[in-house]
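Asks: If you scroll down you'll find the structure; I have some questions about it.
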Amino acid sequence: MSSVSPIIEKVQKLLALSKSSNANEAANAAGAANKLIELHRISEADLELAGKVTEPVEEDDGYIYETGKLTPWKHILMNVLVQHYGLSHYNDADFSGGRKVSRFKVFGRRDDIVVCRYMFTWLTTVCDRLVDIEAKGMGRVYISSYCEGFVAGVSSQLRLSRLEAHREATSAAIVLIDNRAVKAKEHMYMVVRGLRPTRAVSHRHTNCDAFSRGEIQGKRVNLKG
């Protein structure tokens, strides 16, 4: 069992409250959940510095995001979370069915992979639920802009959460955590030969009002704890 499994169980219980119609209750639950995750990563770094634990970099046995038609906001969210949790990834695309199916494979520490997968699933569910409440029937551009705004708000909260957690960590632990993405990328390029950088998501029409509304909701998820 992964050492993060007990943390995920606590996170699941807290995030169950995020479905509440009470916005403050939902935000507090999400904040507490993310703080558990950040503090767990710091404690693991401290144990590693003390020589009590060593978690190797590995390849995930599944895919964090698999789709026949890439949804831009989900792709952006995946990139945000992969970077935040010190992972690396590439598109293990499949063309066997006559069309391209994007399959994003993640490399990193097992605990970080588990957390990233969980948060991606949870946040996509939250965004879809908010779209049904605030953007349903408003058109493709509006909904897409709203979702990308939501991701921008979440990204902002993750940055704040990281800064707050670092106040409780030693400088050596911070360096160790920040270096995880580098190690993950090195391992990925060693395992998967011939990888090339992918193109960024192409420019799309944006509804600024929808983006702003989504960003506000992303910030209300209050991941900083």
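The values are calculated or read from the model by the stated rules, or taken from the named source; none is laboratory data. Just so we're clear, the structure is a prediction, and the values are computed from it rather than from any experiment. Every residue, glycine among them, receives a Cβ derived from its backbone with ideal geometry; neighbour counts consider all protein chains shown.
Asks: Take residue 61 and decide whether it is part of a loop (DSSP other than H, G, I, E, B) and more than 18 Å from residue 179 (Cβ to Cβ).
Replies: yes
Asks: What pairs can you find where one residue is in region 89-107 and touching a residue at least 40 places away in the same chain (Cβ under 8 Å), the other is in a loop (DSSP other than H, G, I, E, B) and surrounded by fewer than 16 Cβ atoms within 10 Å (Cβ to Cβ), and their Cβ atoms are less than 7 Å apart, with a gap of 6+ or different chains?
Replies: 90/192; 90/195; 91/198; 103/92; 103/93; 105/92
Asks: Considering only residues that are of a type outside the set (Ser, Thr, Tyr) and assigned to a strand (DSSP E or B), which ones fall in region 64-82?
Replies: 66
Asks: Here is a follow-up. Can you pull out every residue in region 153-170 that is touching an Asp or Glu at 6+ places or on another chain (Cβ under 9 Å), within 25 Å of residue 126 (Cβ to Cβ) and surrounded by fewer than 18 Cβ atoms within 10 Å (Cβ to Cβ)?
Replies: Passing the criteria: 156, 164.
Asks: Name every residue in region 171-225 that is at pLDDT below 80, out of contact with any Gly (no Cβ under 8 Å at 6 or more places or on another chain), under 26 Å from residue 123 (Cα atoms) and charged (D, E, K, R), in order of residue number.
Replies: Residues satisfying the conditions are 199, 204, 209.
Asks: Something else now. Pick out the one residue from 175, 151 that is without any contact (Cβ under 8 Å) to a residue 40 or more places away in the chain, within 21 Å of the chain's Cα centre (by Cα) and farther than 18 Å from residue 36 by Cβ.
Replies: Testing whether each residue is without any contact (Cβ under 8 Å) to a residue 40 or more places away in the chain, within 21 Å of the chain's Cα centre (by Cα) and farther than 18 Å from residue 36 by Cβ leaves just 175.
Asks: Are there any pairs, at least 6 apart or on different chains, whose C-beta atoms fall under 6 Å, with the first in region 42-70 and in contact (Cβ under 8 Å) with a residue 60 or more places away in the chain and the second of a type in the set (A, V, I, L, M), and if so, which?
Replies: 42/169; 42/173; 45/173; 45/176; 45/177; 46/173; 49/172; 57/184
Asks: I've got another one for you. Kindly indicate whether residue 116 is surrounded by 21 or more Cβ atoms within 10 Å (Cβ to Cβ), touching a residue at least 12 places away in the same chain (Cβ under 8 Å) and farther than 27 Å from residue 45 by Cβ.
Replies: no
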